[in-house]
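Heads up: the structure comes next, in structure tokens.
The values are calculated or read from the model by the stated rules, or taken from the named source; none is laboratory data. Because the structure is a prediction, the values reported are computed rather than measured. Cβ coordinates were reconstructed from backbone atoms using ideal geometry, including for glycine residues, and neighbour counts include every protein chain displayed. Side chains included, ligands, DNA and RNA excluded: accessible areas come from the protein's heavy atoms. Shrake-Rupley method; radii C 1.70, N 1.55, O 1.52, S 1.80 Å.
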Amino acid sequence: MSENKNRVTVVINDQHYTIIGEDDPSHIRYVAGRVDEKIQALGQLNAGLDTTRKSVLTAVNVMHEYVKLEEENDKLREEIKQLKHKGNLE
């Protein structure tokens, strides 16, 4: 592991968290900001949810988006592979 770890304090759902990672601090802040936006949006739609439920539902929504992007990426990689193979046959 790299020894260049960054400590970044962020606010997510009105709570302060210190995130330690190798990524650029601006990237860490950006990611945390996106998480906060998603939690806040979910909270506006479902005002009665407690922090734990908002967090879990946000995690499920983000993972759903991630899986869909993975599937799309796999499909595009397969299409590229087929196009390359087709180009070699001609």
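Data overview
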item: Looking only at the range 1-45, and only at residues there that are without any contact (Cβ under 8 Å) to a residue 12 or more places away in the chain and acidic (D, E), the one that is farthest from V56 (Cα to Cα); result: E3
item: Residue check for R7: more than 23 Å from E65 (Cβ to Cβ) and at pLDDT 95 or above; result: yes
item: Scan of the range 10-53 for residues that are in a strand (DSSP E or B), closer than 22 Å to Y66 by Cα and open to solvent by less than 50 Å² (accessible area, probe 1.4 Å), ordered by number; result: I12, G21
